């Protein structure tokens with residue numbers, strides 16, 4: 001994928017709320033404005049790819065308790081030069097879960113989010129322009145917790161609001177419930 005292809009995908013993506021439409025606009029402007037948008041070396045922000053991983057029966061979602069942010073979130077990470085956010089989402093999901101068998105439910109964008117990352121010892125505060133995809137995996141397959149996570153677990157959809165109040169996670173939950181009519 002190239003920046004032009006991502007811009008086309010963003011153009012065809014239909015946000016559900018005004019807030020999400022605003023984030024889609026910010027993300028598209030960022031991609032259009034920065035040739036190096038996929039590089040972590042762009043210190044004001046960069047593209048990330050995430051996977052919202054549902055179980056094959058669509059009753060659970062895989063979340064991890066992020067080590068640095070101390071929040072329950074979807075799996076994902078930096079593009080590190082990879083210009084295909086779906087490939088990034090799949091790579092990061094496999095690396096962060098130990099699951100070898102993860103597949104896209106669809107290659108269309110599932111969600112977009114622009115969020116701030118706080119400054120750390122060797123890193124200035126910056127934005128993540130996150131492109132998210134709906135993925136699936138077998139929840140009976142053993143998981144492997146990596147150094148990125150404090151915990152990793154399959155969570156019943158109705159239990160997600162008990163773990164997190166993060167609006168971007170709850171938005172993906174609402175989309176999942178609507179899509180699979182729960």
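The values are calculated or read from the model by the stated rules, or taken from the named source; none is laboratory data. This one's a predicted model, so the numbers in the text were calculated from it and none came from an experiment. A quick note on method: Cβ atoms are made from the backbone with ideal geometry, for glycine too, and the neighbour counts reach across all protein chains shown.
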Single residue of the range 47-72 satisfying the filter (at pLDDT 95 or above and out of contact with any helix residue (DSSP H, G or I) (no Cβ under 9 Å at 6 or more places or on another chain)) that is surrounded by the fewest Cβ atoms within 10 Å (Cβ to Cβ): 57
Lone unmet requirement of (1) buried (at least 16 other Cβ atoms within 10 Å of the Cβ); (2) at pLDDT 95 or above; (3) under 27 Å from residue 43 (Cβ atoms) for residue 117: (2)
Residues of the range 147-165 that turn out to be touching a strand residue (DSSP E or B) at 6+ places or on another chain (Cβ under 8 Å) and either closer than 16 Å to residue 67 by Cα or part of a helix (DSSP H, G or I) (or both), as a count: 10
Checklist (1) touching a residue at least 12 places away in the same chain (Cβ under 8 Å); (2) closer than 26 Å to residue 24 by Cα; (3) surrounded by 12 or more Cβ atoms within 10 Å (Cβ to Cβ) applied to residue 150, failing item: (2)
Within the range 79-141, strands (runs of 3 or more DSSP E) holding 2 or more residues that are farther than 20 Å from residue 66 by Cβ and touching a helix residue (DSSP H, G or I) at 6+ places or on another chain (Cβ under 6 Å): none
Per-region count, the range 1-41, residues surrounded by 17 or more Cβ atoms within 10 Å (Cβ to Cβ) and either at positive phi or without any contact (Cβ under 8 Å) to a residue 40 or more places away in the chain (or both): 2
